Every structure is written in C-alpha cells, then in structure tokens.
1. Once you've got the Cα coordinates, tell me which of Lys15/Lys97; Lys4/Lys29; Lys15/Lys43; Lys15/Lys91; Lys25/Lys53; Lys4/Lys43 are over 24 Å apart.
2. What ³J(HN,Hα) values, in whole Hz, does the Karplus curve 6.51 cos²θ - 1.76 cosθ + 1.60 give for the stretch 50-63 when θ = phi - 60°, with x put for Gly and Pro?
3. Would you please give the residues with an amide H less than 5 Å from that of Ile38, counting only those at least 5 places away or on a separate chain, with H modeled from the backbone geometry?
4. Restricting everything to alpha-carbon atoms, can you work out Rg to Rh for the stretch 31-102 with a Kirkwood hydrodynamic radius?
5. Farthest toward the dipole's positive end in the chain, which of Val11, Gly76, Asn37, given Cβ charges of +1 (Lys, Arg) and -1 (Asp, Glu) about the Cα centre?
6. Which length gain, in nm to one decimal place, applies between Lys22 and Lys77 when the Cα-Cα distance is subtracted from 0.36 nm times their residue separation?
7. With θ set to phi - 60°, apply the Karplus curve 6.51 cos²θ - 1.76 cosθ + 1.60 along the stretch 65-75 and write out the HN-Hα couplings as whole Hz, x wherever there is a Gly or Pro.
8. Under 12 Å from a point placed 7 Å out from the Cα of Met1 along the Cα-to-Cβ direction: which residues of the stretch 9-24 have their backbone N that close?
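None of the figures in this text is laboratory data; all of them are computed from the coordinates on show. All figures in this text were calculated on a predicted structure; none of them were measured in a lab. Quick reminder, even Gly has a Cβ in these numbers, built from the backbone with ideal geometry, and neighbours come from all protein chains shown.
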Amino acid sequence: MRIKRGDNIIVISGKDRGKQGKIIKVLTKEQGVIVENINLKKKHRRPKTGGKKGEKIEVPRSIPVSTVALICKNCGKPTRAGRQILPDGKKVRICKKCGLET
Ligand SMILES: [Zn+2]
C-alpha cells in the first residue's frame, strides 16, 4: 500500500467525504485504514467493577483504503503517490502533482 501511518488523507467517498485526518493504523490484509476522527462508532465500555456505570466511547473504525486520497505534505493537495527509485537504489514515494518526495 502507498499509504502509511502518520499520513494525512482526505476521504473521497462515503459519508465522511471531504473530511481530513491522520492515519492511525494501516490494515494491510483488509486493505483498510483507521483514520483519527473518521468513521466513529459508539462503543459501550463495560464497567470494570460492579455498581459503576458503563461509559460510551467513540472509536474510529477502519474504512477502505480506496476511499481515501493522500494529501501531499509539500503542495497540500490530494494526490496519487508514485514511486521513484533514486540513483543509490533507495525507493521514495513521490507526489504526482508536484513531483516532490512525500
Ligand atoms: Zn505535492
């Protein structure tokens, strides 16, 4: 996958379309990503000890990687990432919009 943890993305389809966030986790097997504050689902947490109330927390659920676009850290635009191999053999990810490493 061309997206990794810590990348900023924009959601391009679905109910969260247009929202931006940072990748918390990449699920390679499921081809999904977990993005902070996106696709939040309420989860009921059971109390650890009897007599206390359980609390509701919101946790982000994964969304398909095909519904997000990488935001280039150089030009700040949603982009498709490409690969470039440097003369020393190192692979870098480049932005197809501005051509810089991202
Ligand atoms: Zn760029």
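1. Too far apart for the 24 Å limit: Lys15/Lys97; Lys15/Lys91; Lys25/Lys53; Lys4/Lys43.
2. Karplus-based 3J(HN,Hα) across the stretch 50-63 equals x, x, 8, 7, x, 10, 9, 10, 9, 10, x, 9, 6, 10 Hz.
3. Those qualifying (amide H under 5 Å, at least 5 residues apart or on another chain) number zero.
4. Value, to two decimals: 1.28.
5. My answer, from the dipole projection, is Asn37.
6. 18.4 nm
7. 5, 6, 9, 10, 10, 5, 9, 5, 6, 8, 9
8. 23-24
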